[in-house]
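The values are calculated or read from the model by the stated rules, or taken from the named source; none is laboratory data. Bear in mind that the values here come from a model prediction, so they are computed numbers and not experimental data. Using ideal geometry, Cβ is built from the backbone for each residue, glycine included, and neighbour counts are taken over all protein chains shown.
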Amino acid sequence: MSDPVTFATANEHTRQITEKLQRHPKRIAFTDGEDERVLRVARQLVDMEAIAPILLGDKQEIQQLAKELDISLQFINVIQPDQSSDLELFCKRLEKVERYRGRTVVNPEEMVSQPHNFAAMMVQYNQVDGIIAGNNSLPWTIFRAMKNFIKPQKGVDSLSGAVIMVAPHLEHMGRDGILFLADCGLIPEPSVEELAHIAVETGRLAHHFLGRAPRVALLSHSTHSSNRSQSASKVAAATSLAKAYCERELLDIDIDGELQADVALDMAAAETKLSDARAEHPADVLIFPNLDAAHISFKLLQHVGGAQHYGQLILGLTRPVAQVPLTTTQETLLGTALLIGAEAIKYRELFPDTGSEL
């Protein structure tokens, strides 16, 4: 049996991310710090000299768990939100923002003391560079906190989530054994505009990590009108919209659709089914027509295909955030933290002045 795929051994791209973070370490907050998996990963990140972890939660419980597991907390910052010296400052900022929105907060201390809200305030005001959440929390609590407390990207009305799958042992996993899948967690039935936005933003994400122009495929049961239906027409319209945006903004992203999955990933199938020779390489990014299709595909790749997954990374915010599942492994936590750290480097360049206000 071959050795399991890990972030460090996946491929050249992941190795470069780790090395870059060792030169520019980032501060990553884990909102659910009372977790053996988080403690072990935090220790590993410190030993790698790539990430400065901040664990949120009950300080005494985290310290006791670390003692029982014989895990050193040296260079690991543990913060209990309701006892933090920043609690009063964050409450004042929350009240100011809510007054601007025409709302009143009845109990700001209670709201800000929630680890997800506290972490969101930390990243919004540049006290950390990114957030990992979800290992002990339901997804909706995370998405609500991030949407309420972190400034969205300009022109973005809805958030989406991208999962990164790594499986060099499988055929047809993109050009480098990596696939970016979206939207895997937030929008049940995206509109044409939302689907186009998901394609562009996930393409940007892939470009950042791959260091080259990614090929983005908007998936359907149809390839270029081979099977006309309302859903296929919707994907085709989203493709046209995404292409137009990339051309207007001079983005180095190759977008195609609507495409069947085999046409997007298997060049032999593409040669047979496509009427032109546009598909020179397999897709790096798969955009699904709805949440059901994306989430089911992601889970099948993981549990049947043995692909390692990282994220999901929440797209549409001006700060990097990831939501991991309750069943997350240490490897997923580790790789996701490194990816969020790498995203933080890019976000500092794209959104340098977003820490002053929501």
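Being among the aliphatic types (A, V, I, L, M) and within 30 Å of Tyr125 (Cβ to Cβ), is that true of even one residue in segment 165-186?
Within segment 165-186, the subset among the aliphatic types (A, V, I, L, M) is 165-167, 170, 173, 178-179, 181-182, 186.
Imposing the further condition that a residue be within 30 Å of Tyr125 (Cβ to Cβ) reduces the set to 182, 186.
Scanning segment 165-186 turns up at least one residue that is among the aliphatic types (A, V, I, L, M) and within 30 Å of Tyr125 (Cβ to Cβ).
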State whether one or more residues within segment 102-113 are in the same structural domain as Thr141 (by TED's automatic domain parsing), closer than 30 Å to Asp47 by Cα and in contact with a helix residue (DSSP H, G or I) (Cβ under 7 Å, 6 or more places away or on another chain). yes
List the pairs whose first member sits in segment 100-112 and is of a type outside the set (Gly, Ala, Ser), whose second member is in a loop (DSSP other than H, G, I, E, B) and surrounded by 12 or more Cβ atoms within 10 Å (Cβ to Cβ), and whose Cβ atoms are under 7 Å apart, counting only residues at least 6 apart or on separate chains? Met111/Val105
Residues within segment 300-348 that are more than 23 Å from His24 (Cβ to Cβ) and assigned to a strand (DSSP E or B), tallied: 4
In the list Thr31, Thr104, which residue meets the criterion of being closer than 25 Å to Thr141 by Cβ, surrounded by fewer than 19 Cβ atoms within 10 Å (Cβ to Cβ) and out of contact with any Gly (no Cβ under 7 Å at 6 or more places or on another chain)? Thr104
Return the only residue of Ala244, Ala236, Ala206, Ala261 being over 26 Å from Ala342 (Cα atoms), out of contact with any helix residue (DSSP H, G or I) (no Cβ under 9 Å at 6 or more places or on another chain) and either outside the structural domain of Ala342 (by TED's automatic domain parsing) or modelled with pLDDT under 95 (or both). Ala236
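Report yes if Asp47 is within 23 Å of Lys26 (Cα to Cα) and without any contact (Cβ under 8 Å) to a residue 60 or more places away in the chain, otherwise no.
Details: within 23 Å of Lys26 (Cα to Cα): yes; without any contact (Cβ under 8 Å) to a residue 60 or more places away in the chain: yes.
Here the answer is yes, as Asp47 does meet what is asked.
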For segment 117-135, indicate whether the set of residues that are over 19 Å from the mean Cα position of the chain (by Cα) and over 20 Å from Ala342 (Cβ atoms) is non-empty. yes
So, in segment 41-74, how many residues would count as being crowded, with 17+ Cβ neighbours inside 10 Å, over 19 Å from Leu334 (Cβ atoms) and out of contact with any strand residue (DSSP E or B) (no Cβ under 9 Å at 6 or more places or on another chain)? 1
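For the structure I just gave you, tell me whether Met165 is in a strand (DSSP E or B) and more than 12 Å from Gln323 (Cβ to Cβ). Working first, answer last.
Numbers: in a strand (DSSP E or B): yes; more than 12 Å from Gln323 (Cβ to Cβ): yes.
Answer is yes for this residue.
From the list Ala283, Ala307, Ala342, Ala294, exactly one residue is modelled with pLDDT of 90 or more, buried (at least 21 other Cβ atoms within 10 Å of the Cβ), in contact with a Lys or Arg (Cβ under 8 Å, 6 or more places away or on another chain) and assigned by TED's automatic domain parsing to the domain that holds Cys184. Which is it? If you could, list the steps in order and put the result at the bottom.
Details: Ala307 fails: in contact with a Lys or Arg (Cβ under 8 Å, 6 or more places away or on another chain); Ala342 fails: assigned by TED's automatic domain parsing to the domain that holds Cys184; Ala294 fails: in contact with a Lys or Arg (Cβ under 8 Å, 6 or more places away or on another chain).
So the residue among Ala283, Ala307, Ala342, Ala294 that is modelled with pLDDT of 90 or more, buried (at least 21 other Cβ atoms within 10 Å of the Cβ), in contact with a Lys or Arg (Cβ under 8 Å, 6 or more places away or on another chain) and assigned by TED's automatic domain parsing to the domain that holds Cys184 is Ala283.
Whether any residue in segment 277-284 is within 30 Å of Phe30 (Cα to Cα) and touching a residue at least 40 places away in the same chain (Cβ under 8 Å) is what I want to check.
Filtering segment 277-284 for residues within 30 Å of Phe30 (Cα to Cα) gives 284.
Narrowing further to those that are touching a residue at least 40 places away in the same chain (Cβ under 8 Å): 284.
Yes, because at least one residue in segment 277-284 is within 30 Å of Phe30 (Cα to Cα) and touching a residue at least 40 places away in the same chain (Cβ under 8 Å).
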